Amino acid sequence: GVTRLLLTRIPFFKEIIVSSFSCDSCSWSNTEIQSAGRIQEQGVRYTLAVTSRQDMNREVVKTDCASARIPELDFEIPAFSQKGVLTTIEGIIDRAVAGLEQDQPARRAMDKEVARKIDEFIGKLRQLKEVNPPFTFILDDPSGNSFVENPHAPQRDEALVVTHYRRSPQQSALLGLEGEEVDAKPPDAAEDLRDEVLQFNTNCPECNAPASTNMKLVQIPHFKEVIIMATNCDSCGHRTNEVKSGGAIEPQGTRITLRITDPSDMTRDILKSETCSVEIPELEFELGMGALGGKFTTLEGLLKDIRDLVEKNPFTLGDSSTPSRTGKLQEFIEKLQDVKGKSQAHFIMDDPAGNSYLQNVYAPEEDPELSVQRYERTFEQNEELGLNDMKTEGYEPEAASGR
C-alpha cells in the first residue's frame with residue numbers, strides 16, 4: 001500500500017502530522033496523527049458541555065497518550081488504547097461503538113448476558129449522538145498535545161473549559177520522560193504569563209454594561225516588557241486599549257527625536273507611556289503627560305489619535321467655539337494630515353520615566369533619523385513621578401540600625 005504524510009497547522013492550536021495509509025488490493029485505509037512538536041511543559045484537560053448537534057461536529061485532536069471520558073455513562077477510553085486521530089466528537093463515539101461491536105458475535109455465543117449488556121451500552125452511546133440528554137466530554141492529555149476546537153475563536157467559548165496542570169511522576173514515566181524532568185522546578189510564573197492572555201470582568205466605560213478586559217505581557221525587541229490591556233464591549237461596540245510599563249522607572253529620563261522624511265516612517269511601532277509628552281515643533285504642537293494614556297501603536301496611529309482628540313473636543317469645535325478658533329484648528333488638522341509623509345517634520349517624545357519607545361528600523365544598527373537622549377530628571381519631574389518621597393534604601397528605623 002501507500003502511506004501519505006501531510007504536515008498541517010490547526011488554527012489556534014499547533015502543527016500536526018497526518019499520515020494516511022491506503023491499500024489498492026483490499027481497499028483498506030487508515031489515518032493517524034502525530035504531534036509535530038515536543039511534549040509540552042504541562043498537561044491539558046478539555047471539559048466540553050455538549051448541548052447541541054453542532055457540538056458533535058467539533059474537531060478533536062486526540063493523541064495516543066490521551067484519555068477520553070463521558071462521566072454521565074461512566075465511560076472512558078484509556079490512554080494508549082487507540083492511535084492518535086484527527087476526528088470529531090461524533091467520530092470518537094463511532095470509533096468506540098465500532099470497537100465494542102467487533103467481538104459481539106463471539107460474546108453472544110459464549111456469554112449472552114455480557115453480550116446483552118454491551119448491546120445496551122452501545123445503544124446508550126448511539127443515543128449520545130442525538131444529544132438527548134446533553135452530556136460532558138472530557139479529554140485529558142498529559143503530553144499537552146491534544147485539542148478540542150473552539151468554533152468561536154478567538155472569542156471565549158463558554159461551553160469549553162481548558163485546564164493546564166503539572167504532570168504526576170506516573171504520567172511522566174508513561175510518557176518516557178527522564179526522572180530529572182519529573183523533579184524539575186516548576187516553571188516561572190512570568191514565563192507562563194508571556195504565553196497566556198489573562199481575562200477579567202469589568203464594566204464598559206461608555207455604557208457601563210458588563211464587559212471583559214484582556215491582558216497580555218509582551219516583550220518588545222530591543223526594549224523591555226510591557227502589559228497590553230484591551231477592553232471590548234459587546235453591547236455598544238466600544239473598544240479601547242491601554243499599555244502599562246512592565247518594569248520599574250528608569251534611572252534617567254528619555255528624549256526620543258525622529259525626523260520624519262518618508263511615508264514608511266508612519267509604520268514605525270511606538271510605545272507611549274502615560275508619563276510621556278509628545279511634541280511636533282513645526283506645528284507648534286505639544287501633547288502633555290497623561291493625555292491619550294499609554295498606547296502601543298504605530299506613528300500613524302498615534303497621529304490619528306491626536307487628530308481625533310482635537311476633532312472630538314466639544315470645547316474647541318463645538319457650537320460654543322468662535323470662527324477664528326475653528327479656522328485655526330482646521331488648519332492645524334490639515335497640517336497634521338500633511339505630516340503623514342507629505343511634509344518633513346520632527347516628532348519628539350519626552351518621557352521622564354524612560355518607559356517610552358520608538359522603533360529603530362535599522363536595529364541593531366543606529367538609525368540616522370532617530371536620536372535617543374538620556375538625561376537626569378529635575379526635582380519637579382521627580383515630584384510628578386512621586387520619586388522624591390520614595391525611599392528604597394536605609395528606610396529601617398535608626399534604633400534597628402543601632403542594634
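Filter region 280-299 down to the residues that are surrounded by fewer than 18 Cβ atoms within 10 Å (Cβ to Cβ) and in contact (Cβ under 8 Å) with a residue 60 or more places away in the chain, then identify the one that is nearest to SER371 (Cα to Cα). Within region 280-299, the match that is nearest to SER371 (Cα to Cα) is PRO281. Looking across region 226-244, the residues that are within 27 Å of TYR375 (Cβ to Cβ) and open to solvent by less than 40 Å² (accessible area, probe 1.4 Å) come down to VAL226, VAL243.
Taken over region 96-128, the residue count meeting the criterion of being surrounded by 15 or more Cβ atoms within 10 Å (Cβ to Cβ) and polar (S, T, N, Q) is 0. If you go through region 244-265 and keep only what is in a loop (DSSP other than H, G, I, E, B), within 31 Å of the chain's Cα centre (by Cα) and either small (Gly, Ala, Ser) or under 17 Å from LEU358 (Cβ atoms) (or both), you end up with GLY246, GLY247, ALA248, GLU250. If you go through region 330-354 and keep only what is at pLDDT below 80 and among the small types (Gly, Ala, Ser), you end up with GLY341, SER343. Any residue at all in region 240-255 that is in contact with an Asp or Glu (Cβ under 6 Å, 6 or more places away or on another chain) and over 17 Å from ILE348 (Cβ atoms)? Yes; the residues of region 240-255 include at least one that is in contact with an Asp or Glu (Cβ under 6 Å, 6 or more places away or on another chain) and over 17 Å from ILE348 (Cβ atoms).
Can you pull out the residues in region 162-173 that are surrounded by fewer than 13 Cβ atoms within 10 Å (Cβ to Cβ) and either part of a loop (DSSP other than H, G, I, E, B) or out of contact with any helix residue (DSSP H, G or I) (no Cβ under 7 Å at 6 or more places or on another chain) (or both)? Steps first, please.
Here is the first cut: in region 162-173, the residues surrounded by fewer than 13 Cβ atoms within 10 Å (Cβ to Cβ) are 163, 168-170.
Correct list: THR163, SER168, GLN170.
If the condition is being out of contact with any strand residue (DSSP E or B) (no Cβ under 6 Å at 6 or more places or on another chain), surrounded by 15 or more Cβ atoms within 10 Å (Cβ to Cβ) and of a type in the set (Gly, Ala, Ser), then region 72-91 contributes only GLY91. Pairs meeting the criteria (first residue in region 62-74 and closer than 13 Å to ASP140 by Cβ, second residue open to solvent by 70 Å² or more (accessible area, probe 1.4 Å) and in a helix (DSSP H, G or I), beta carbons under 8 Å, at least 6 apart or on different chains) are CYS65/LEU174.
If the condition is being open to solvent by 50 Å² or more (accessible area, probe 1.4 Å) and touching a residue at least 24 places away in the same chain (Cβ under 8 Å), then region 360-386 contributes VAL361, PRO364, SER371, VAL372, GLN373, ARG374, GLU376, GLU384.
Scanning region 129-140 finds no residues that are modelled with pLDDT under 85 and surrounded by 15 or more Cβ atoms within 10 Å (Cβ to Cβ).
The values are calculated or read from the model by the stated rules, or taken from the named source; none is laboratory data. Note that the coordinates shown come from a computational prediction; the quantities given were computed from them, not determined experimentally. Glycine gets a Cβ as well: all are built from the backbone with ideal geometry, and neighbour counts include every protein chain shown. Remember, those area values only see protein heavy atoms, side chains included, never the ligands or the DNA or RNA. Shrake-Rupley method; radii C 1.70, N 1.55, O 1.52, S 1.80 Å.
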